Amino acid sequence: MGKDPLRYFRLEARELVDQISAGVLDLDQRPGPEPVGRLLRAAHTLKGAARVVKQKEIADHAHAFEEILVPHRSGDAPLAADEMRELLRLNDEISSQVALMEAPETPPPAVAEKSESPPEPEITIPTRTSSSDLDELLDAIGEANAQMAPLREGLGTMERLHRSAETLSDQLRTSEPGVVRASAVRLAGELGTASRRFTDAVDQIERELDDVRAKAEGLRLVPAGSIFTTLRRAVRDAADAEGRKVRFVSLGADIRMGAHLLGPVSGAFLHVVRNAVVHGIEPEAERIAAGKPAEGTITLEVERRGRWAVFRCVDDGRGFDLEALRRTAVDRGLLGPGTRPPGDQELLDLVMRGGISTSAQVTEVAGRGIGMDAVREVAAQLHGEVRVRSTPGEGATVELTIPLTLLSMTGLIVEAGGASATVPLDAVRGCLRLSAAEAATAASSGRILYDGSAAPFLPLAEVLYTGEAVPDVQGTGAAIVVACPAGTYAIGVDRLCGTSALVARPLPELAPASAVISSVSVEADGRPRLVLDPEGLAVAVLRGHGAGARSASSVNAEPLPILVVDDSLTTRMLERSILESAGYAVQLAASGEEGLERARAGRYGLVLSDIDMPGIDGFTLVERIRADPKLSTIPCVLVSSRASAEDRERGRAAGADAYVVKGEFDQEELLAHIRRLVVRS
């Protein structure tokens, strides 16, 4: 097969196009010299690369792109509307040209005619590398692991020789000359040393191969954030068509899953985000009159819940027009005469039947009643479910939940009753060593003390061996504290075996399994290891408490998430690590403006903020939180390098509940403030 002269250009061009697409949308919402500079660098790189491989059309579009941006390299003024539209058009043209090159047998045309209108946003899910390449890599790793078996057998032989030499040495110690005895002793020593080195080397190879296998399998998965640029562009285009001001916020970009799931979900949520703009977000004057920010917000969040992925679109608009839905349902015969008037949720459920639209007219982005049809069909195709919620005047939520066929995670490996299993590490809040007496007390009482509260407790062996005799092993030596939406609880295990990256697979359809088992991972040597379901475990732990147990949350209510606001990446990640290690859910914001937006869009148990930040500083952020009736009760903690009495007093005057100095930073002091202040759900 001949060489492909455009192979590397296609790879680079696709990456640059993704950067440009996201950069244009960033510039639309946050104008300034920094995003302009990033866009200019990406466009210039693309232009140069295109000229090298003689792709004149792409190079010309990139040059035109630069010409628009160059006058805006300094200054914070936003681009004119016609300039932004032209950037988006050029971006679409470049993206289309690069897409045409994805199939090598179909070369891009030398000259492409300019389209009258920008094309539909292209749904592109990166696959990182070809499936066949991955299969070959995994086969090679499997073959390498197969070669480990003879080495293991050789280790057994070495051990036997070692024992024989030691026996010989003992026998010759009293009956043979000293030289023979010394030789036997030396033989035993050399065999022992060789055996230890052999064992260490094989163990190391196995660990490395196991890690490589997990990473290679993880290449089959792509981050959920790969669909965000397309959906963000759809929001921008719909807002432009409707004359609305809308901000797009995304969460959960790093959650990884199969590309075969993200493609259909992206297509369905194109309709969802457009509907959120058209039906939900009010015109600017109407929002201001209602006491809302002039700019609406649409938040797309991806969340993993055990073996499920949740895609959620939330807007802060007017909510569904229930009266219009009722009229449409009557007109279409969905509500017959004399029937009981449906409740609000029943009306929303009618939307999922399809063909219902509250739009007064058909436009380019709404009015055909097919948006929710697409979501319903994807839910059926992927064996998931969809829910719709709405609060008049506050907004609406569309939530799609689908099962994951492959899931990349880090797991905590444990042993219980002689069986090995994996607990998803993101659900683990802490581990406690238990003495025999402590384990017996916890098992008999069904409770264990953690973080000042009594959490429900059950030995994992009792869950894994339901209805069977538990093997006689050393017994519970540690407790793992686990958190899930049902609450916080603890399971007892014999021992902790470390953490490992893994790719979890669904159980075979005909394999009977307990509800505490979510999936299975395959170890490097081909052996399966069970992956436990935190929510299934919660049910089992509570059931073990008898009929008197109501819920895990009744024993230990879950704290609301903590919002960390700091413009320093290092500080944000350090504080997140400290808080998550203490069992709190954490969300991050890189500026005071972003922190205020997040505070208004969600529910938080506490805000932890730096003071010295560009734009809204920490003092101002706390003042604005205290001035907002919906946010005024959220506890606020300021963390700053400022240590003067004046700054501390200013923090108190702004409304901060605590003030922590970075130079005197004490992790326990910070956690003590948070335990005292944090609001629980």
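The values are calculated or read from the model by the stated rules, or taken from the named source; none is laboratory data. What you see is a predicted model, and the numbers here were worked out from it, not measured in a lab. In this analysis, Cβ positions are derived from the backbone assuming ideal geometry, glycine residues included, and neighbour counts consider all displayed protein chains.
Okay, here's what the table says:
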read-out: Listing of helices (runs of 4 or more DSSP H) fully contained in the range 228-322 that carry 2 or more residues being without any contact (Cβ under 8 Å) to a residue 40 or more places away in the chain; value: 284-289
read-out: Residue check for residue 361: at negative phi, over 21 Å from the mean Cα position of the chain (by Cα) and modelled with pLDDT of 80 or more; value: no
read-out: Filtered residues of the range 207-232 (kept if at pLDDT 85 or above and charged (D, E, K, R)); value: 232
read-out: Residue 637 being touching a His at 6+ places or on another chain (Cβ under 9 Å), in contact (Cβ under 8 Å) with a residue 40 or more places away in the chain, assigned to a strand (DSSP E or B) and not assigned by TED's automatic domain parsing to the domain that holds residue 315; value: yes
read-out: Hits in the range 446-460 (condition: of a type in the set (D, E, K, R) and either at pLDDT 85 or above or part of a strand (DSSP E or B) (or both)); value: 447
read-out: Filter result for residue 68 (buried (at least 21 other Cβ atoms within 10 Å of the Cβ) and not in a loop (DSSP other than H, G, I, E, B)); value: no
read-out: Search result, residues across the range 229-274 that are under 15 Å from residue 303 (Cβ atoms) and touching a helix residue (DSSP H, G or I) at 6+ places or on another chain (Cβ under 8 Å); value: 249, 250, 252, 253, 254, 255, 256, 257, 262, 265, 269
read-out: Residue selected from the range 243-275 under the condition over 14 Å from the mean Cα position of the chain (by Cα) and farther than 19 Å from residue 375 by Cα, by the criterion surrounded by the fewest Cβ atoms within 10 Å (Cβ to Cβ); value: 243
read-out: Residue that is farthest from the chain's Cα centre (by Cα) [pool: residues in the range 413-445 that are in a strand (DSSP E or B) and not hydrophobic (A, V, I, L, M, F, W, C)]; value: 433
read-out: Candidate set: the range 645-681, residues that are at pLDDT 85 or above and assigned to a loop (DSSP other than H, G, I, E, B); chosen: the one nearest to residue 584 (Cα to Cα); value: 657
read-out: Top-ranked residue in the range 534-580 [being in contact with a helix residue (DSSP H, G or I) (Cβ under 6 Å, 6 or more places away or on another chain) and at pLDDT below 70; ranked as nearest to residue 667 (Cα to Cα)]; value: 552
read-out: Residue within the range 21-40 that is among the hydroxyl-bearing types (Ser, Thr, Tyr) and buried (at least 17 other Cβ atoms within 10 Å of the Cβ) present; value: yes
read-out: Exclusive hit being closer than 30 Å to residue 481 by Cα and not in a loop (DSSP other than H, G, I, E, B), set 596, 588; value: 588
read-out: Meets criteria (touching a Lys or Arg at 6+ places or on another chain (Cβ under 8 Å) and under 25 Å from residue 384 (Cα atoms)) for residue 255; value: yes
